[in-house]
Amino acid sequence: ATGTGTAQPEGLTVGLSEGGTIASNAAGPTYAELLEVTMAIDEEYDGNASWVMNRATWGALLGMTDDVGRPLLQDNAASGLANGVARRLLGYPVVIDQGMPAIGDTTRPIVFGDIRQAYVIRDVKDCTLVRLNELYAANGQVGFLAWARMDAKVQDPNAAAPARCACA
């Protein structure tokens, strides 16, 4: 999610242009800031759009209210507490990815959009596994070496947008 693209895959949060700004990391994003992020992507991608964030960010959003004090997750809570709170925000599904950064100074803790269109992972070939009998035989051990070639990159920056913290 946060790879630099230099000697590691380009992360989802790195390759996307700005979608919105979270003004205060202490309180988390506001309702208006989340709406700003949803408006940052092209309407073509709304049908398959979702939110991506880590569990701590999702926890911060659970108690969030709109501009008149109604819980953002009110529709989801109608199913009852016994079923748990569905992971939907502003009508879109929420994907929990622990690789996403936490809310903090200058991070991009939330991404919104059609992730399948925005981000591509390329597996060059299968994983290769080699058993090393002789190298460790003097110690009565067996070694294993495995490697795989892959990369990842944002392929369509219009399909998703991150929310960036701009905290002082």
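The values are calculated or read from the model by the stated rules, or taken from the named source; none is laboratory data. Computed from a predicted model, the values in this text were never measured in an experiment. Ideal geometry is used to build each Cβ from the backbone, glycine not excepted, and the neighbour counts take in all protein chains shown. SASA here: full protein model, heavy atoms, side chains in, ligands and nucleic acids out. Shrake-Rupley method; radii C 1.70, N 1.55, O 1.52, S 1.80 Å.
Observations on the structure shown:
- Contacts under 9 angstrom Cβ, first residue in region 128-139 being farther than 22 Å from Met150 by Cβ, partner open to solvent by 100 Å² or more (accessible area, probe 1.4 Å), 6 or more apart: Arg131/Phe144; Leu132/Phe144
- A single entry from Gly5, Gly28, Gly15 fulfils the requirement of being closer than 25 Å to Tyr119 by Cα, at pLDDT below 85 and in contact with a helix residue (DSSP H, G or I) (Cβ under 8 Å, 6 or more places away or on another chain): Gly5.
- Pairs, first under 21 Å from Ile96 (Cβ atoms) in region 31-56, second basic (Lys, Arg) and not in a helix (DSSP H, G or I), C-beta under 9 Å, six or more apart: Trp51/Arg87; Trp51/Arg88
Yes/no matrix, rows are residues, columns are (1) hydrophobic (A, V, I, L, M, F, W, C); (2) open to solvent by less than 80 Å² (accessible area, probe 1.4 Å); (3) under 26 Å from Ile41 (Cβ atoms):
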| residue | (1), (2), (3) |
| --- | --- |
| Val124 | yes, yes, no |
| Trp147 | yes, no, no |
| Asp151 | no, yes, yes |
| Ala161 | yes, yes, yes |
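- Answer from Gly104, Gly113, Gly143 - the residue that is open to solvent by less than 70 Å² (accessible area, probe 1.4 Å) and under 12 Å from the mean Cα position of the chain (by Cα): Gly113
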